[in-house]
Amino acid sequence: MDMKLEAVVIGVSDVDRAKHFYKGLGWREDADFMIDEGFRAVQLTPPGSPCSIQFGLGLPPARPGSVALFLAVPDIEAARAELIAHGADVSEVFHDAGGGLAVRADPATHAPGPDPERRSYASYATFADPDGNRYVVQELTTRLPGR
């Protein structure tokens, strides 16, 4: 049976501020349901993504700033420029100084610029939403086998 990740709940401290931030990035608003004063669900989806984010009131608990998500893009430099144009504070593009295909949390392992060989999964940029939820933008041009 196929199982597809549909949505991820992220914690935010101000629902309207978060909604404004993500819509400003060009993410599609799928839903904003306010059932009562204790329940509001907002869902937004990045362009071209099958998975969305959700936040609001009365959803499963998530501490603001506690989530880290990956956004896969075909061109890291173009994606960075677009995010900046939409108001995101995006890091410079970097790659792993050891030549790896995985981003490490320690900035000491980051080397400036895209991966010299432009290998898929090897070039990154990061940004955060107003609550500190972190996004890793990863250049992905060819998926690993089985993906």
- Give me the pairs, please: first residue somewhere in the stretch 86-107 and in contact (Cβ under 8 Å) with a residue 24 or more places away in the chain and on the phi > 0 side of the Ramachandran plot, second residue anywhere and exposed (fewer than 14 other Cβ atoms within 10 Å of the Cβ) and not in a loop (DSSP other than H, G, I, E, B), beta-carbon distance under 6 Å, and either six or more positions apart or on two chains. Gly87/Gly24
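Scan the stretch 61-77 residue by residue and report those that are part of a loop (DSSP other than H, G, I, E, B) and in contact with a Lys or Arg (Cβ under 9 Å, 6 or more places away or on another chain). Can you show your working first?
Residues of the stretch 61-77 that are part of a loop (DSSP other than H, G, I, E, B), as a first pass: 61-63, 65-67, 74-75.
Passing the criteria: Gly65, Val67.
Tell me, which residue of the stretch 45-78 that is in contact (Cβ under 8 Å) with a residue 60 or more places away in the chain and small (Gly, Ala, Ser) is nearest to His20 (Cα to Cα)? Full working, then the answer.
Step one: of the stretch 45-78, the residues in contact (Cβ under 8 Å) with a residue 60 or more places away in the chain are 64-76.
Right, trim to small (Gly, Ala, Ser) and you get 65-66, 68, 72.
Working: Gly65: 17, Ser66: 19, Ala68: 19, Ala72: 22 Å.
It comes out as Gly65.
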- Within the stretch 87-105, the count of residues that are surrounded by 15 or more Cβ atoms within 10 Å (Cβ to Cβ) and either under 24 Å from Leu25 (Cβ atoms) or under 14 Å from the mean Cα position of the chain (by Cα) (or both) comes to 7
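Going through Arg119, Arg147 one at a time, which residue ends up being modelled with pLDDT under 90 and among the charged types (D, E, K, R)? Spell out how you get there, then give the answer.
Details: Arg119 fails: modelled with pLDDT under 90.
Being modelled with pLDDT under 90 and among the charged types (D, E, K, R) holds for just one of Arg119, Arg147, which is Arg147.
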- Query: Any residue at all in the stretch 100-110 that is touching a Phe, Trp or Tyr at 6+ places or on another chain (Cβ under 7 Å), more than 29 Å from Asp2 (Cα to Cα) and modelled with pLDDT under 95?
  - Reply: yes
- Message: Can you tell me how many residues within the stretch 7-60 are within 19 Å of the chain's Cα centre (by Cα) and either part of a loop (DSSP other than H, G, I, E, B) or of a type outside the set (A, V, I, L, M, F, W, C) (or both)?
- Response: 29
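Being assigned to a strand (DSSP E or B) and crowded, with 21+ Cβ neighbours inside 10 Å is the filter here, so list the residues in the stretch 106-125 that pass it.
Within the stretch 106-125, the subset assigned to a strand (DSSP E or B) is 110-112, 123-125.
Hits for the stretch 106-125 are Ser123, Tyr124, Ala125.
The values are calculated or read from the model by the stated rules, or taken from the named source; none is laboratory data. Here the structure is a predicted model, which means the values were calculated and not measured. Positions of Cβ are backbone-derived with ideal geometry, glycine not excepted, and every protein chain shown enters the neighbour counts.
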